[in-house]
Ligand SMILES: Nc1ncnc2c1ncn2[C@@H]1O[C@H](COP(=O)(O)OP(=O)(O)O)[C@@H](O)[C@H]1O
Ligand SMILES: [Mg+2]
């Protein structure tokens, strides 16, 4: 099993008036190459779940194993290494450098991984071709539409050749045409063996995933599995 959460609980502001159980006894097992949607209302714990899976947040209780590795036993720098090599995260706000151009943004993960030389740009250009942005790679991010920014974020994630892509509401800023295109792209990537988790409000996006979970008040349950 690639991802295994058991009894995973995340409490914010413990012992205060603002205490929140963002994740409450979550059990979740994910095999390699699955494609999963996670739906749920605002504030239900969706982003927290992705942050835990990427190692950005630790658990208050319970366990998280990634490919058999217990994350609670790792040092921060080891978690960072796994995150930079094996887990790509597409953030809700894209996490792009607004005043840099597309190509520079897409090159970043490889630079962080310590790769040198012209292969960085070659890889970035290859992924920009897949998302249809080759023609405008020198444009700064602030001049792009929501859909274009989303595709930059995806191209950047693809340069990592990660085993897992965690996408937080990736179609939130897209119209239905762009949503369809993006889901086709995710399906193609998934067919190549990449595990994909998509947090979404959109029933069409969820329907395009073979498996769907729902989360309410931090409690996760399986909706369907094709
Ligand atoms: N860093 C934080 N500190 C305190 N509370 C947080 C933090 N992150 C999330 N929360 C709370 O945890 C709950 C779940 O948040 P989140 O996972 O962002 O929900 P969703 O992504 O489903 O909208 C919310 O009540 C939110 O306010
Ligand atoms: Mg969220």
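Can you spot a residue in region 131-147 that is surrounded by 13 or more Cβ atoms within 10 Å (Cβ to Cβ), under 21 Å from residue 50 (Cα atoms) and free of Cβ contacts under 8 Å to residues at least 60 places away in the same chain?
No, region 131-147 has no match at all.
Taking the conditions exactly as written (touching a residue at least 12 places away in the same chain (Cβ under 8 Å) and either away from ligand 2 (no atom under 16 Å from the Cβ) or closer than 30 Å to residue 61 by Cα (or both)), does residue 188 satisfy them or not?
Criteria not met by residue 188.
Quick check on my filter: what residues within region 128-178 are within 18 Å of residue 189 (Cβ to Cβ) and within 16 Å of ligand 1 (Cβ to nearest atom)?
166, 167, 168, 169, 170, 171 - these are the residues of region 128-178 that are within 18 Å of residue 189 (Cβ to Cβ) and within 16 Å of ligand 1 (Cβ to nearest atom).
Just to confirm my filter: which strands (runs of 3 or more DSSP E) fall fully inside region 1-55 and include at least 2 residues that are within 21 Å of residue 190 (Cβ to Cβ) and either near ligand 1 (Cβ under 7 Å from one of its atoms) or out of contact with any helix residue (DSSP H, G or I) (no Cβ under 7 Å at 6 or more places or on another chain) (or both)?
Per the criteria, 3-12, 20-30.
If you go through region 60-70 one residue at a time, how many are crowded, with 18+ Cβ neighbours inside 10 Å and within 16 Å of residue 87 (Cβ to Cβ)?
2
Would you check if residue 50 is touching a residue at least 24 places away in the same chain (Cβ under 8 Å) and crowded, with 16+ Cβ neighbours inside 10 Å?
Yes.
Please give the number of the condition residue 121 fails out of (1) free of Cβ contacts under 8 Å to residues at least 24 places away in the same chain; (2) surrounded by fewer than 14 Cβ atoms within 10 Å (Cβ to Cβ); (3) over 14 Å from the mean Cα position of the chain (by Cα).
(2)
Mind checking which residues of region 98-118 are surrounded by 13 or more Cβ atoms within 10 Å (Cβ to Cβ) and in contact with a helix residue (DSSP H, G or I) (Cβ under 7 Å, 6 or more places away or on another chain)?
Residues satisfying the conditions are 100, 102, 103, 105, 106, 107, 108, 109, 110, 112, 113.
Can you go through 57, 93 and tell me which one is loosely packed, with under 13 Cβ neighbours inside 10 Å, within 16 Å of the chain's Cα centre (by Cα) and either more than 16 Å from ligand 2 (Cβ to nearest atom) or within 25 Å of residue 169 (Cβ to Cβ) (or both)?
Going through 57, 93 in turn, just one is loosely packed, with under 13 Cβ neighbours inside 10 Å, within 16 Å of the chain's Cα centre (by Cα) and either more than 16 Å from ligand 2 (Cβ to nearest atom) or within 25 Å of residue 169 (Cβ to Cβ) (or both): 93.
So, residue 180, is that one surrounded by 17 or more Cβ atoms within 10 Å (Cβ to Cβ) and within 28 Å of residue 48 (Cα to Cα) or not?
no
Values quoted throughout were computed directly from the atomic coordinates according to the rules given, and no laboratory measurement underlies them. Note that the structure is a prediction, hence the values are computed from the model and not measured. Please note: Cβ atoms are built from the backbone with ideal geometry, for glycine as well, and neighbour counts cover all protein chains shown.
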